[in-house]
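Peer 1: Shown below is the structure under consideration.
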Amino acid sequence: MMELRVLVLMLVVAFLYPTCVESRVRNYKFSVVRKNTTALCASKPIIVVNGKFPGPTLYAREDDIVIVRVVNHVKDNVTIHWHGVRQLRTGWSDGPAYITQCPIQTGQSYIYNFTLTGQRGTLLWHAHINWQRATVHGAIVILPKRGVPYPFPKPDKEEIIIFGEWWKSDVEAVINQAMKLGQPPNVSDAHTINGLPGPAPNCSSQGYTLQVETGKTYLLRIVNAAVNEELFFKIAGHQLTIVEVDASYTKPFKTDTIFIGPGQTTNALLTADQKIGNYLIAISPFMDTIVAIDNQTAMGTLRYNGMLAVSSTTLTAMPPQNATPITTKFMDSLRSLNSKEYPANVPQTVDHSLMFAIGVAVNPCATCVNGSRVMADINNVSFVMPTTAILQAHYYNISGVYTDDFPANPPNPYNYTGTPPTSIQTNNGTKVYRLAYNSTVQLVLQGTSIIAPESHPTHLHGFNFYVVGKGLGNYDPKNDPKNFNLVDPVERNTISVPTAGWTAIRFRADNPGVWFMHCHLEVHTTWGLKMAFLVENGKGPNQSILPPPNDLPKC
Ligand code: C2O
């Protein structure tokens, strides 16, 4: 009898052991197809993954291996980017077209294969070619390792909330037309919450509904997958507790408004602690300068169990479009959790001190409507996409694809946030900035106001960075560093550089490969506000980029 019990116990242990200790392999198949979707009140077919808009959620735990086979069933070229996934040594799976891979062509497939190391929380995946990410996107949920709790009270339920923007016309046609004219593209026709705009012009969509039970707490995994807009998010009558951004835990804080840029993710706890009722859920755009935006508010409903859809809804006022103080307050409240389990490893010394002046500019253009073309640049370089992926060129030593002379500083310093010199023009180039393995970088992103100052949600691939400082006007290298937070700055992969201001970030170049950095307003990326860091291999074991997979697409 005793023996049998021991045997059973051993069997149970043997059965459980692999699942609790070893990393699991998560297999997904993404079929990229063109499909009609009625949810959008759009009659035209859009490009989506597995027929869904937004696309499927990728679920995994920290340390899991994720394998996604992407099959291209559309006429357009396709790539998928796992936004915020560190991709340690696996740059081949990062996804930006012509930076780390050639696109997956019609009828072809490619297997993305990466491990989720040192990250837990919410991220997003999206197409990374032209403007395809407008409809090709979805959430990535990275749960903590088995048996490891969240560093905040366990929610009763979790809910994914994805924001988007949609155009009645085909998005590629929208940007192609704009590029031909040299002018800004049409703004979107509506914002969406989980694919639904709610009451919008010429659209009777019901809008997204979040059904809740009184007294329960929900973890909202919020993703901004919009193309060109930073957004405000509010739920009438309810406070939200922020606990994580960009898959990094934060010190919890309460807010009634979330500010979120495209590419950013925010986890917030919501407790259904109000009177049973219907409460408005809404998103609206932030724009504190003269640039035109889609000013539609997308609306949904927080509905307590027992409430009817027809009952009245408690409303809330959205912040004005130019509510800079709300964005500042939100960003200033974000701090790394910086606990024993989740320390903030802020580089305390700096090997490369860089300053990138980022913004929109204007160049002469004979064929454009006004004789000029709107451009965007970093340090006067408007990045030109190569026709071979830079990572391949780097790995195989193919010359002529890129140069490694990206300027560490603006070539001709000027009053970035004041009246610009009339002579400012941008140059085209495919330039990277070279970093030795494990070197530390401080990068000041300085907004410029050549046409108009504007907020730039800037995203760095391959790394998380710490946001050590920010300010208005021009960065002062003498005095501003005195106020840097080198203890518990927020850690993220995308940061809004304030309008007519600057942001300082720090990161360690511990990931060999070629890593794209760009404004996540897709229109600015298209105009050239992008560059790449080339991080060399280290000398030690496990410090080199892995060899490319056999099915890596060819250009
Ligand atoms: Cu979310 Cu380079 O992008």
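The values are calculated or read from the model by the stated rules, or taken from the named source; none is laboratory data. The shown structure was predicted, so the numbers you read here are calculated from the model rather than taken from an experiment. So basically every Cβ, Gly included, is an ideal-geometry build from the backbone, and we count neighbours across all protein chains shown. Just so you know, the surface numbers come from the protein's heavy atoms only, side chains and all, with ligands and any DNA or RNA stripped out. Shrake-Rupley method; radii C 1.70, N 1.55, O 1.52, S 1.80 Å.
Peer 1: Looking at ASP332, ASP351, ASP294, ASP288, can you tell me which residue is more than 28 Å from VAL212 (Cβ to Cβ) and in contact with a helix residue (DSSP H, G or I) (Cβ under 8 Å, 6 or more places away or on another chain)?
Peer 2: ASP288
Peer 1: Here's a follow-up. I want to confirm something. Restricting to the range 120-131 and keeping residues that are open to solvent by 10 Å² or more (accessible area, probe 1.4 Å) and within 14 Å of the ligand (Cβ to nearest atom), which single residue is nearest to the chain's Cα centre (by Cα)?
Peer 2: HIS128
Peer 1: Out of VAL78, VAL74, VAL85, I need the residue that is at pLDDT 95 or above and away from the ligand (no atom under 16 Å from the Cβ). Which one?
Peer 2: Just a single option satisfies the conditions, and that option is VAL74.
Peer 1: Checking ILE293 against (1) open to solvent by less than 40 Å² (accessible area, probe 1.4 Å); (2) farther than 25 Å from VAL227 by Cα; (3) not aromatic (Phe, Trp, Tyr), which single condition isn't satisfied?
Peer 2: So the condition that ILE293 fails would be (2).
Peer 1: Using the structure shown, decide if ARG146 is within 21 Å of LEU220 (Cα to Cα) and in contact with a Cys (Cβ under 6 Å, 6 or more places away or on another chain).
Peer 2: yes
Peer 1: Counting just the residues of the range 234-247 that are crowded, with 24+ Cβ neighbours inside 10 Å and not charged (D, E, K, R), which one comes out farthest from ALA190 (Cα to Cα)?
Peer 2: ALA247
Peer 1: Right, another one. Cβ-Cβ distance below 9 Å, separation of 6 or more or different chains: which pairs start in the range 93-104 with a residue that is more than 13 Å from VAL70 (Cβ to Cβ) and end on one that is among the hydroxyl-bearing types (Ser, Thr, Tyr) and part of a helix (DSSP H, G or I)?
Peer 2: Here the result reads THR100/SER93, each pair linking the range 93-104 to a residue that is among the hydroxyl-bearing types (Ser, Thr, Tyr) and part of a helix (DSSP H, G or I).
Peer 1: Going through the range 204-233 one residue at a time, which ones are under 18 Å from THR313 (Cβ atoms), in a strand (DSSP E or B) and open to solvent by 10 Å² or more (accessible area, probe 1.4 Å)?
Peer 2: Of everything in the range 204-233, those that are under 18 Å from THR313 (Cβ atoms), in a strand (DSSP E or B) and open to solvent by 10 Å² or more (accessible area, probe 1.4 Å) turn out to be THR209, GLN211.
Peer 1: Answer with yes or no whether ASN397 is at positive phi and surrounded by 21 or more Cβ atoms within 10 Å (Cβ to Cβ).
Peer 2: no
Peer 1: Same structure again: So which residues in the range 363-401 are under 19 Å from GLY513 (Cβ atoms) and either hydroxyl-bearing (Ser, Thr, Tyr) or in a loop (DSSP other than H, G, I, E, B) (or both)?
Peer 2: Of everything in the range 363-401, those that are under 19 Å from GLY513 (Cβ atoms) and either hydroxyl-bearing (Ser, Thr, Tyr) or in a loop (DSSP other than H, G, I, E, B) (or both) turn out to be MET385, PRO386, THR388, ALA389, TYR395, TYR396, ASN397, ILE398, SER399, VAL401.
Peer 1: I'd like the residue in the range 409-439 that is within 18 Å of PHE516 (Cβ to Cβ) and in contact with a strand residue (DSSP E or B) (Cβ under 6 Å, 6 or more places away or on another chain) and, out of all such residues, is surrounded by the fewest Cβ atoms within 10 Å (Cβ to Cβ).
Peer 2: Restricting attention to the range 409-439, the residues satisfying the condition of being within 18 Å of PHE516 (Cβ to Cβ) are 428-435.
Right, trim to in contact with a strand residue (DSSP E or B) (Cβ under 6 Å, 6 or more places away or on another chain) and you get 428-429, 431-435.
Numbers: ASN428: 13, GLY429: 19, LYS431: 20, VAL432: 25, TYR433: 23, ARG434: 15, LEU435: 22.
Across the range 409-439, the extreme among qualifying residues is ASN428.
Peer 1: Looking only at residues that are assigned to a loop (DSSP other than H, G, I, E, B) and away from the ligand (no atom under 16 Å from the Cβ) in the range 498-521, which one is most open to solvent (accessible area, probe 1.4 Å)?
Peer 2: Initial filter on the range 498-521 (assigned to a loop (DSSP other than H, G, I, E, B)): 498-500, 509-512, 520-521.
When the remaining residues are screened for being away from the ligand (no atom under 16 Å from the Cβ), the result is 498-500, 509-510, 512.
Values: PRO498: 21, THR499: 20, ALA500: 26, ALA509: 0, ASP510: 48, PRO512: 1 Å².
In this case the residue turns out to be ASP510.
Peer 1: Moving to a separate point now. Quick one: in the range 468-492, which of the residues that are free of Cβ contacts under 8 Å to residues at least 60 places away in the same chain and assigned to a strand (DSSP E or B) is nearest to the chain's Cα centre (by Cα)?
Peer 2: GLY469
Peer 1: Pairs needed: first member in the range 120-131, at positive phi; second member anywhere, more than 12 Å from the ligand (Cβ to nearest atom) and open to solvent by 10 Å² or more (accessible area, probe 1.4 Å); C-beta distance under 6 Å; at least 6 residues apart or different chains.
Peer 2: Close Cβ pairs (under 6 Å, with a partner that is more than 12 Å from the ligand (Cβ to nearest atom) and open to solvent by 10 Å² or more (accessible area, probe 1.4 Å)) amount to ASN130/GLU172.
Peer 1: Is it true that THR503 is under 25 Å from THR289 (Cβ atoms) and in contact with a Lys or Arg (Cβ under 7 Å, 6 or more places away or on another chain)?
Peer 2: When the stated conditions are applied, THR503 passes them.
Peer 1: Out of THR250, THR257, report the one residue that is within 29 Å of ASP488 (Cβ to Cβ), β-branched (Val, Ile, Thr), outside the structural domain of GLN119 (by TED's automatic domain parsing) and surrounded by fewer than 22 Cβ atoms within 10 Å (Cβ to Cβ).
Peer 2: THR257
Peer 1: Using the structure shown, decide if ALA282 is open to solvent by 20 Å² or more (accessible area, probe 1.4 Å), at pLDDT 95 or above, among the small types (Gly, Ala, Ser) and not assigned by TED's automatic domain parsing to the domain that holds THR417.
Peer 2: no
Peer 1: What is the one condition in (1) under 24 Å from GLN101 (Cα atoms); (2) within 16 Å of the ligand (Cβ to nearest atom); (3) in contact with a Leu (Cβ under 9 Å, 6 or more places away or on another chain) that ILE495 does not satisfy?
Peer 2: The single condition ILE495 does not satisfy is (1).
Peer 1: What number of residues within the range 458-480 are in contact with a Gly (Cβ under 7 Å, 6 or more places away or on another chain) and surrounded by fewer than 23 Cβ atoms within 10 Å (Cβ to Cβ)?
Peer 2: Residues in the range 458-480 being in contact with a Gly (Cβ under 7 Å, 6 or more places away or on another chain) and surrounded by fewer than 23 Cβ atoms within 10 Å (Cβ to Cβ): 4 in total.
Peer 1: Considering only residues of the range 136-153 that are out of contact with any Leu (no Cβ under 9 Å at 6 or more places or on another chain) and in a loop (DSSP other than H, G, I, E, B), which is nearest to the ligand (Cβ to nearest atom)? Quick ask: steps written out before the conclusion?
Peer 2: Filtering the range 136-153 down to residues out of contact with any Leu (no Cβ under 9 Å at 6 or more places or on another chain) leaves 136, 143-149.
Filter once more, so that each one left must be in a loop (DSSP other than H, G, I, E, B): 136, 144-149.
Details: VAL136: 12, PRO144: 24, LYS145: 26, ARG146: 29, GLY147: 31, VAL148: 27, PRO149: 29 Å.
By that ranking, first place goes to VAL136.
Peer 1: If you don't mind, another one. Which residues, counting only those in the range 312-352, are open to solvent by 90 Å² or more (accessible area, probe 1.4 Å), within 24 Å of THR301 (Cα to Cα) and touching a strand residue (DSSP E or B) at 6+ places or on another chain (Cβ under 6 Å)?
Peer 2: Once the filter is applied, which keeps residues that are open to solvent by 90 Å² or more (accessible area, probe 1.4 Å), within 24 Å of THR301 (Cα to Cα) and touching a strand residue (DSSP E or B) at 6+ places or on another chain (Cβ under 6 Å), the range 312-352 yields only LEU315.
Peer 1: Being among the β-branched types (Val, Ile, Thr) and surrounded by fewer than 19 Cβ atoms within 10 Å (Cβ to Cβ), is that true of even one residue in the range 368-381?
Peer 2: Yes, the range 368-381 contains a residue that is among the β-branched types (Val, Ile, Thr) and surrounded by fewer than 19 Cβ atoms within 10 Å (Cβ to Cβ).
Peer 1: From the residues in the range 105-119 that are free of Cβ contacts under 8 Å to residues at least 60 places away in the same chain and open to solvent by 10 Å² or more (accessible area, probe 1.4 Å), which one is farthest from the ligand (Cβ to nearest atom)? If you could, list the steps in order and put the result at the bottom.
Peer 2: Here is the first cut: in the range 105-119, the ones free of Cβ contacts under 8 Å to residues at least 60 places away in the same chain are 106-107, 112, 114, 116-118.
When the remaining residues are screened for being open to solvent by 10 Å² or more (accessible area, probe 1.4 Å), the result is 106-107, 117-118.
Values: THR106: 23, GLY107: 25, THR117: 19, GLY118: 19 Å.
Ranking the qualifying residues of the range 105-119, first place goes to GLY107.
Peer 1: So for the range 453-474 (the condition being more than 16 Å from the ligand (Cβ to nearest atom) and touching a His at 6+ places or on another chain (Cβ under 9 Å)), does at least one residue qualify?
Peer 2: Let us first name the residues in the range 453-474 that are more than 16 Å from the ligand (Cβ to nearest atom), namely 453-455, 466-474.
Pick out the ones that are also touching a His at 6+ places or on another chain (Cβ under 9 Å) and you get 454.
Looking through the range 453-474, at least one residue is more than 16 Å from the ligand (Cβ to nearest atom) and touching a His at 6+ places or on another chain (Cβ under 9 Å).
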